[in-house]
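First up is the structure itself, then whatever we jot down about it.
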Amino acid sequence: MNEIQLIREQLARERAHATAVAHACATALGRAEAAQIASGSPLDEFRQRCVDYLVCVLAWFEERDFRLAELVRARQGADDPARRALEEVLARRGRSRETLEQLEAAFAGSGAPAGWAAFLAYFDSAWSARRDALEALLACNPRVTDWRTVGGIDADSILEERRRFAGVRERLPAGATLDAATG
């Protein structure tokens, strides 16, 4: 396996884990009574682990998009179709920052199932569609230096992601799953 494959595999793992956490969190909290989520309760601890995980990983994806935009501006000519395609996708709704705003709204109204449903709907539609489009455009990039720059992945970030995901798994409430997760 070459370095680009390793980077892409880690990005895919982070995305799969984020999807699993978003689904588990929204499902468990969307059906919970407000009293079940009282401060210090097991469900509150689970919610906090989910939010910590998602804030971290979505921030990483936002930083990657910023580095990608910088790389596109620095490397390609204004009339380059690849540049225009990347710029169009980067300008779409569904940025990680917008997704974090949806998460914040759901967290603020943690007793309201509608808030968690709205967060999950946004995550599954706008955020995921934007990620799919970016991945499709980047798939044919053969430059390992570009992948290193955009990915920003190192041993510390891999270990941090695994630690945070394990923390979510440790607090998973009965009946909840992380089925969407791989690895």
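The values are calculated or read from the model by the stated rules, or taken from the named source; none is laboratory data. Computed from a predicted structure; not experimentally measured. Reconstructed Cβ throughout: ideal geometry from the backbone, glycine too, with neighbour counts over all protein chains shown.
Values computed for the structure shown
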{"item": "Residue list for segment 69-82, restricted to those being surrounded by fewer than 16 Cβ atoms within 10 Å (Cβ to Cβ), aliphatic (A, V, I, L, M), assigned to a helix (DSSP H, G or I) and without any contact (Cβ under 8 Å) to a residue 40 or more places away in the chain", "result": "ALA69, ALA74"}
{"item": "Members of segment 59-68 that are touching a residue at least 60 places away in the same chain (Cβ under 8 Å) and more than 14 Å from ILE158 (Cα to Cα)", "result": "GLU63, ARG64, ASP65, ARG67, LEU68"}
{"item": "Selection status of ARG143, among the basic types (Lys, Arg) and under 18 Å from the mean Cα position of the chain (by Cα)", "result": "no"}
{"item": "Inter-residue pairs, beta-carbon under 6 Å, first in contact (Cβ under 8 Å) with a residue 40 or more places away in the chain and of a type in the set (Asp, Glu) and in segment 158-181, second outside any loop (DSSP other than H, G, I, E, B) and buried (at least 16 other Cβ atoms within 10 Å of the Cβ), 6+ apart", "result": "GLU161/GLU14"}
{"item": "In segment 124-178, residue modelled with the lowest pLDDT [restricted to those that are of a type in the set (Phe, Trp, Tyr) and within 20 Å of GLU87 (Cα to Cα)]", "result": "TRP147"}
{"item": "Residue satisfying all of: in segment 44-68; more than 15 Å from VAL168 (Cα to Cα) and aromatic (Phe, Trp, Tyr); surrounded by the most Cβ atoms within 10 Å (Cβ to Cβ) among these", "result": "PHE61"}
